[in-house]
Amino acid sequence: MLDHDSAWPTYSPTTRGGDKWSPPTWSKPTRNPTRKPTWNNEWRPTRNPTRKPTWNNEWTPTRKPTWNNEWKPTRKPTWRPSQRPSRKPTPKPTLWNNKPTQKPTWKSGGGGGSNNNDGDKYRIYTRDGNPVGYSPDGWDTHFWWRNVIADVRQECAAMLYQDLEYVAKVIRLSFHDCKGRDEGYGCDGCVNLNHIDNFGLEGIMQKLRPIVERFDEYLSRADTWILCALTALEISTSRTYPMTFIGRKSCDDSDYIGNGGEYGDVYGDEVHTYQLLHHFNRYFGFDTRCTVAVMGVHGISKMRPENSGHGNGPHSATWVKNASYRMSNAYYEGFESDWTYEERDNDDYPRFGEQYQWYNGPYVLSRLVLLNVDVALKWNYEEYVDDRGRIFCKVSDEAEHHGGGDPRNVPECPRAYQTYNYVREYADNYGLFLNDLEYCMIQMYTTGYRSGYDGSYYQYYGDGRASY
């Protein structure tokens with residue numbers, strides 16, 4: 001039997017009586033409960049929780065993570081067999097002021113010869129086992145060389161800023177130094193001042209002498225000259241020129257300033273377009289683009305009649321207007337001007353004899369001058385030059401011509417498009433000129449010590465101890 005009292009809610013007293021049954025009534029919660037529910041752990045925390053949640057693993061770690069395998073290895077790294085140091089590594093040189101304490105003595109990793117492609121065989125080291133030779137990124141940041149290189153650059157810059165004309169002179173010296181008697185000769189820290197092409201270089205060689213002597217325990221004279229030339233290019237272009245090669249050997253037959261070595265022409269006045277291209281390819285490995293690019297250095301230079309037999313009458317002359325130590329592309333822009341051929345008798349400078357050049361504008365102190373080798377970048381006068389270097393074609397209808405004849409009767413020099421196309425590129429794009437100049441000058445400074453860019457070296461000077 002169903003127990004109504006236990007199965008149903010409690011009835012009120014009015015529901016009992018007779019057979020009549022009334023529905024039960026339930027008690028309802030009041031609208032204002034006596035306290036707020038505390039469902040803190042479910043979905044609605046109280047307004048003033050007793051403490052902050054401690055989600056330590058999510059936003060406030062209680063201790064420093066120990067990701068040893070990511071940022072702080074717990075053991076020494078292991079090298080691959082090709083990178084593992086030898087069991088008895090060569091001890092590092094004792095450093096004083098972070099510089100090597102003794103002058104490096106070069107030794108190659110193998111025998112001579114320039115046709116072997118085995119890079120390791122021709123890699124070069126000092127007696128203490130420190131690397132020299134070629135470094136594509138430069139030695140300027142290397143722990144063993146960086147302070148030496150920085151100090152040499154500082155000394156060179158101080159000398160160059162004494163007179164900014166030294167910038168062009170140091171670059172000219174490096175060009176004459178690196179051009180040797182034959183292919184693969186290389187920069188050797190020597191020029192023969194008795195040769196007519198090298199007149200005017202003695203002064204800058206004397207200025208470089210104290211720097212060479214101060215650092216001769218670290219670098220050869222050939223290396224110091226090139227490092228100063230790289231510094232001069234940086235001042236002139238505001239670009240970075242790294243020291244990519246260390247280990248040049250200075251010639252044995254020179255005096256204390258570097259006067260000596262071979263007696264050879266830099267290039268002759270009769271150089272036409274194809275002779276010019278062959279010359280730069282033979283001695284520096286240059287292609288047409290590099291040949292045209294390095295000629296732009298004339299834009300910061302000055303020609304003096306007492307040094308070359310060229311000039312503006314008895315005065316010095318420049319290739320561009322308002323020439324300064326700052327490299328520009330004005331040299332290439334000037335080819336669009338009118339140029340007149342001129343023969344200089346050089347009675348005041350008889351050792352040079354007759355010289356031939358081109359001038360622009362009337363005879364004033366600011367008159368510009370080009371040499372035959374410059375004109376060859378736009379006009380190929382190969383068929384119009386005699387064995388004395390005299391040219392019998394014109395480059396402008398408005399220009400006068402030697403011999404006093406009517407210029408309308410003088411044939412026009414053919415256009416040298418192989419080189420002139422690059423002249424126009426550099427005239428329109430200054431940044432392109434600076435980029436190509438940097439690449440080509442660094443290539444010139446490694447000529448004779450390195451074959452291409454494949455990691456092998458020319459050991460032109462053999463395996464003997466270097467002579468400084």
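Classify the stretch 187-258 as rounded, prolate or oblate, taking a ≥ b ≥ c as the square roots of the eigenvalues of its Cα gyration tensor: rounded when a/c is under 1.5, otherwise prolate if a/b is larger than b/c and oblate if not.
oblate
With every protein chain present, what accessible area does S254 have (1.4 Å probe, heavy atoms only), rounded to the nearest 10 Å²?
Solvent-accessible area, nearest 10 Å²: 40 Å².
How do I149, I196 rank by accessible surface area computed with a 1.4 Å probe, from largest to smallest?
Heavy-atom accessible area, descending, gives I196, I149.
Ranked highest first by average number of other Cβ atoms within 10 Å, how do 383-391, 171-179, 431-439 line up?
Descending packing order for the listed peptides: 171-179, 431-439, 383-391.
What length, rounded to one decimal in nm, is gained on full extension from D397 through to N147, with 0.36 nm per residue of separation minus their alpha-carbon distance?
84.3 nm
At a Förster radius of 35 Å, what calculated FRET efficiency corresponds to the Cβ-Cβ distance of Y363 and R239, to the nearest 0.05?
FRET efficiency, Y363 to R239: 0.40.
Leaving ligands and nucleic acids out of the surface, order R248, R239 by accessible area at 1.4 Å, largest first.
So, going from the largest accessible area down, we get R239, R248.
How large is ³J(HN,Hα) for each residue in the stretch 359-365, as worked out from phi by the Karplus curve 6.51 cos²θ - 1.76 cosθ + 1.60 (θ = phi - 60°), to whole Hz, x for Gly and Pro?
10, 10, x, x, 6, 9, 5
Could you calculate the contour length gain from N435 to D137, that is, 0.36 nm times the residue separation minus the distance between their Cα atoms, to one decimal place in nm?
105.7 nm
Whole-Hz Karplus ³J(HN,Hα) for the stretch 411-419, in order, using 6.51 cos²θ - 1.76 cosθ + 1.60 and θ = phi - 60°, x for Gly and Pro?
x, 8, 5, x, 7, 9, 5, 4, 9
Using the per-residue mean of other Cβ atoms lying within 10 Å as a proxy for protection, in what order, highest first, do the peptides 217-224, 135-142 fall?
The densest-packed peptide leads the list: 217-224, 135-142.
Residues with amide H under 5 Å of N312's amide H, sequence separation 5 or more or different chain, H placed in the peptide plane at 1.01 Å from N; which?
The answer is A317.
What FRET efficiency comes out for the pair R408/R209, r = Cβ-Cβ distance, R0 = 45 Å, nearest 0.05?
0.25
Full-extension gain between E383 and N281, please, as 0.36 nm times their residue separation minus the C-alpha to C-alpha distance.
Length gained between E383 and N281: 34.5 nm.
From the phi angles alone, apply the Karplus equation (6.51, -1.76, 1.60; θ = phi - 60°) to the stretch 231-245 and give each ³J(HN,Hα) in whole Hz, x where the residue is Gly or Pro.
5, 4, 5, 5, 5, 6, 10, 6, 10, 8, 10, x, 7, 8, 9
The values are calculated or read from the model by the stated rules, or taken from the named source; none is laboratory data. The structure presented is a predicted model; accordingly, all values stated were derived computationally and were not measured. A quick note on method: Cβ atoms are made from the backbone with ideal geometry, for glycine too, and the neighbour counts reach across all protein chains shown. For accessibility, only protein heavy atoms count, side chains too; no ligands or nucleic acids. Shrake-Rupley method; radii C 1.70, N 1.55, O 1.52, S 1.80 Å.
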